[in-house]
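Below is one structure; the comments refer to it alone.
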Amino acid sequence: MHMFICLHSRQSLLMMLLFCLLPATAVLAQTAEETLTTLFTDEWEARLAGNPGLAASMGDVEAAGRIIDVSPAAVAAQAQQDARFLERLAAISYEALSDESRLNYDLFKFILEDRVRAAARKAWRIPFLSDSGFHTALSGAVESTRADNEAQVEAYLRRLAAIPAHINQQIDNMRVGLRDGYTQPAAIMAKIEPSFAALAVDAVEESVFFSPFQRLSENIPDAQQAALTAQGREIIQSRVLPAFKTLYQFISQEYTPAARTTLGASDLPDGEAYYQSLIAYFTTLDLTAAEVHAIGQREAARIRAEMEAIIEEVEFAGTFAEFLSFLRTDPQFYAQSARELLMEAAWIAKRTDEVMPAFFKTLPRDPYGVRAVPDAIAPNYTTGRYWGGIPGVRGGLFMVNTYNLKERPLYTLPALALHEGVPGHHHQIALSKELKNVPEFRRRFYLSAFGEGWGLYCERLGEEMGIYENAYERFGRLTYEMWRAGRLIVDTGIHAMGWTRQQAVNFFLENSALAEHNINTEVDRYISWPGQALAYKIGELKIVELRQKAESALGDAFDIREFHDAILRNGTVPLGVMAHQVDRYIATASK
């Protein structure tokens with residue numbers, strides 16, 4: 001024992017001497033890494049405490065009984081907390097961090113700074129877009145509500161009881177927006193109102209909020225099931241439905257009549273600076289509205305030439321406008337039933353699944369399915385969208401809008417499936433959720449320039465993957481690419497250059513084969529969500545640029561699977577960071 005203690009003491013002394021002889025940067029690196037990790041943990045715990053929906057998605061049953069506080073005081077407190085986190089971040093030595101930790105640092109700073117900016121401009125005054133909002137978030141959360149035991153159902157009952165207060169907070173916030181002239185434009189409100197009306201039903205059984213009581217687990221005794229269902233029925237009847245009727249009445253009778261008559265973001269208070277900040281956020285690049293507009297015009301001209309070539313290929317004897325009319329009206333290009341449209345979407349998705357290993361080295365574990373957009377939101381919803389998976393409930397979803405079938409052409413469906421399913425959003429987002437050894441916020445981080453740019457790149461990649469089966473489907477892909485190039489023109493036109501809504505609609509009518517209903521829905525989306533539409537084409541152009549750079553530098557050593565890994569392996573990142581990742585891939589592959 002004595003010998004062991006002596007030996008141990010000598011080893012300890014030796015270790016202390018070695019530690020003292022280490023370079024100062026090594027000590028600083030350890031301290032900086034630990035401090036950064038602690039900061040990430042503290043912020044994540046604070047985020048879960050302030051966002052019960054997020055906490056509930058991670059299995060917190062108590063949080064599942066609460067709804068986020070959106071009062072101005074709560075938002076201000078959150079912004080102050082974020083500012084303190086930024087101060088702690090700034091105090092950490094960036095130079096002392098590893099490359100991976102520097103990436104975490106940069107992304108964390110990006111997120112916090114954006115949240116502080118959003119709070120400063122009081123974004124809470126407009127809590128809805130043309131096709132979604134706080135109201136659809138409340139109803140959408142019902143699908144992920146677990147009803148496996150009494151504790152889960154009791155938590156849901158508490159959340160139901162909290163809905164009226166949350167709606168009142170949102171109404172108060174929107175009234176501040178009305179006072180400040182910070183509202184959605186009146187021109188698009190008529191198409192938004194139905195999504196509020198859909199939740200203001202009369203019968204409890206018609207309400208989506210009653211559905212969890214129709215799927216209570218058999219593990220709950222019959223007597224308890226009856227008691228819980230009765231409580232749920234009473235809360236929905238006496239509190240939830242009246243709250244949504246009050247909300248609909250406010251939107252239709254108070255908000256819409258008083259909403260602003262202008263259209264663009266630049267017409268809002270301090271609007272020009274506001275729109276410029278949105279360009280910076282949604283593109284992650286230093287671009288002006290005029291520069292983005294010009295990029296869109298160049299891309300639109302290139303795509304138009306490729307469209308003209310396909311028209312010649314199919315030997316269509318008519319003008320460009322007549323070809324678009326042919327595509328929009330000929331029955332051969334449209335499904336005859338919602339089921340047929342969904343089956344076609346599923347068939348394209350499975351054909352793509354088959355060839356994924358040839359183009360991607362890393363595949364996610366999470367599956368995905370194909371589902372119709374719910375009827376309540378379908379009329380003013382996009383043609384398709386990706387909904388992320390719900391752990392323990394379902395995989396991801398490629399949502400297909402089956403409303404108004406004569407406006408849902410089959411020739412654009414392959415491009416849509418590639419974008420929303422695989423290798424687009426599902427593949428990219430599912431991989432992000434499976435990132436290893438990263439802070440939790442990284443797995444849930446999403447930037448439109450990266451994610452939507454990737455989705456559009458995948459539409460192009462579908463050509464190499466053999467997904468497009470005929471010239472009309474290739475024209476459909478170009479229509480979707482023109483749609484995204486047009487977004488650069490239309491979004492900047494509306495929000496910085498004084499365009500009218502009709503100018504925006506006319507651009508797409510004249511330059512793409514998009515159905516008119518889809519065009520109107522999309523233009524309303526760009527009006528309601530300034531800047532976001534810029535992300536798609538800007539992000540895709542950067543990915544294409546980087547691929548061309550890698551192919552040129554590596555020649556025969558270029559590996560498409562490794563290139564895609566280089567883009568996706570770190571999850572969502574700003575475009576500048578993505579460029580550095582590809583540079584590292586080129587350097588490694590060149591050795």
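A few comments on the model shown:
- Within segment 367-378, the residues that satisfy the criterion of being closer than 17 Å to A417 by Cα and either in contact with a His (Cβ under 9 Å, 6 or more places away or on another chain) or surrounded by fewer than 20 Cβ atoms within 10 Å (Cβ to Cβ) (or both) are P367, Y368, G369, R371, A372.
Residue-by-condition table, conditions (1) farther than 19 Å from L514 by Cα; (2) open to solvent by 60 Å² or more (accessible area, probe 1.4 Å):
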position	(1), (2)
F323	no, no
T329	no, yes
E340	yes, yes
F360	yes, no
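- Residue within segment 139-161 that is open to solvent by less than 20 Å² (accessible area, probe 1.4 Å) and either under 21 Å from Y446 (Cβ atoms) or part of a strand (DSSP E or B) (or both) present: no
- Qualifying helices (runs of 4 or more DSSP H) (wholly inside segment 34-130; at least 2 residues being modelled with pLDDT of 95 or more): 72-90, 99-120
- Scanning segment 177-203 for residues that are at negative phi and either assigned to a loop (DSSP other than H, G, I, E, B) or without any contact (Cβ under 8 Å) to a residue 60 or more places away in the chain (or both) gives G177, R179, Y182, T183, Q184, A197, A198, L199, A200, V201, D202, A203.
- Within segment 546-591, being over 18 Å from L435 (Cα atoms), surrounded by 20 or more Cβ atoms within 10 Å (Cβ to Cβ) and of a type in the set (F, W, Y) holds for one residue alone: Y585.
- Residue selected from segment 342-357 under the condition free of Cβ contacts under 8 Å to residues at least 40 places away in the same chain and over 12 Å from M399 (Cα atoms), by the criterion least open to solvent (accessible area, probe 1.4 Å): P357
- All conditions in (1) touching a strand residue (DSSP E or B) at 6+ places or on another chain (Cβ under 8 Å); (2) crowded, with 19+ Cβ neighbours inside 10 Å; (3) part of a loop (DSSP other than H, G, I, E, B) hold for P364, with the sole exception of (1).
- Between G451, G476, the distinction of being out of contact with any Leu (no Cβ under 9 Å at 6 or more places or on another chain), in contact (Cβ under 8 Å) with a residue 60 or more places away in the chain and open to solvent by less than 10 Å² (accessible area, probe 1.4 Å) belongs to G451 only.
- Residue in segment 78-90 that is out of contact with any Asp or Glu (no Cβ under 8 Å at 6 or more places or on another chain), farther than 30 Å from Y275 by Cα and among the basic types (K, R) present: no
- Residues being without any contact (Cβ under 8 Å) to a residue 60 or more places away in the chain and not hydrophobic (A, V, I, L, M, F, W, C) - total across segment 454-473: 5
Residues checked against (1) charged (D, E, K, R); (2) open to solvent by 10 Å² or more (accessible area, probe 1.4 Å):
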site: K406; (1), (2): yes, yes
site: Y411; (1), (2): no, no
site: A417; (1), (2): no, no
site: G421; (1), (2): no, no
site: H427; (1), (2): no, no
site: P439; (1), (2): no, yes
site: F445; (1), (2): no, yes
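- Applying a threshold of 8 Å to beta carbon distances and a minimum spacing of six or more residues, or different chains, the list of pairs starting in segment 382-410 at a residue that is in contact (Cβ under 8 Å) with a residue 24 or more places away in the chain and at positive phi and ending at one that is part of a loop (DSSP other than H, G, I, E, B) and open to solvent by 10 Å² or more (accessible area, probe 1.4 Å) reads G392/R146.
- Meets criteria (of a type in the set (F, W, Y), within 30 Å of D267 (Cα to Cα) and modelled with pLDDT of 95 or more) for F475: no
The values are calculated or read from the model by the stated rules, or taken from the named source; none is laboratory data. Model, not experiment: these values are computed from the prediction. Glycine also receives a Cβ, built like all others from the backbone with ideal geometry; neighbour counts cover every protein chain displayed. Ligands, DNA and RNA are excluded from the accessible area calculation, which covers all protein heavy atoms including side chains. Shrake-Rupley method; radii C 1.70, N 1.55, O 1.52, S 1.80 Å.
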